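Okay, structure first, notes after.
The values are calculated or read from the model by the stated rules, or taken from the named source; none is laboratory data. Here the structure is a predicted model, which means the values were calculated and not measured. Reconstructed Cβ throughout: ideal geometry from the backbone, glycine too, with neighbour counts over all protein chains shown.
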Amino acid sequence: MSAYLVFTREKTINAEELATYMKMAPGTRAGHDSKVLARYGPHEDLEGSPTEGTVILEFPDAAAAKAWYESPSYREAREHRLAGSIYRVILVEGV
């Protein structure tokens, strides 16, 4: 069953750290079966607090999504995301 990682950026707190993350993150998906479904396109916040953008990644299953998320290359990139912004990251399985 497909699984999706949904990244919602709530607030940028350090633009330089976030820029480093943005450069590193795409390359971390090499060797991982994933597909970008949405990446910071135009959006409208219909409910809740305003957001700066959203990324949705599709993986074959939850185990594949977690394998990428916990991979050494993404963990290194993630440190810059955590230093540069406030995100909400959700793993959801398809139906």
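For segment 25-36, a residue qualifies if it is in contact with a Ser or Thr (Cβ under 8 Å, 6 or more places away or on another chain) and either more than 28 Å from Ser2 (Cβ to Cβ) or surrounded by 13 or more Cβ atoms within 10 Å (Cβ to Cβ) (or both), and the qualifying residues are Thr28, His32.
Any residue in segment 84-92 that is over 14 Å from the mean Cα position of the chain (by Cα) and on the phi < 0 side of the Ramachandran plot? No, that holds for no residue. Do the conditions hold for Thr12, that is, is it β-branched (Val, Ile, Thr) and surrounded by fewer than 17 Cβ atoms within 10 Å (Cβ to Cβ)? So Thr12 fits the description; yes. One residue stands out among those in segment 58-74 that are surrounded by 14 or more Cβ atoms within 10 Å (Cβ to Cβ) and free of Cβ contacts under 8 Å to residues at least 40 places away in the same chain: the one that is nearest to the chain's Cα centre (by Cα), which is Lys66.
Filter segment 21-59 down to the residues that are in contact with a Phe, Trp or Tyr (Cβ under 7 Å, 6 or more places away or on another chain) and hydroxyl-bearing (Ser, Thr, Tyr), then identify the one that is farthest from Ala83 (Cα to Cα). Among those residues, the one meeting the criterion is Ser34. A single entry from Ala15, Ala3 fulfils the requirement of being touching a strand residue (DSSP E or B) at 6+ places or on another chain (Cβ under 7 Å), modelled with pLDDT of 95 or more and not aromatic (Phe, Trp, Tyr): Ala3.
Apart from one condition, Ala77 fits all of (1) exposed (fewer than 14 other Cβ atoms within 10 Å of the Cβ); (2) hydrophobic (A, V, I, L, M, F, W, C); (3) under 22 Å from Glu10 (Cα atoms); the exception is (1).
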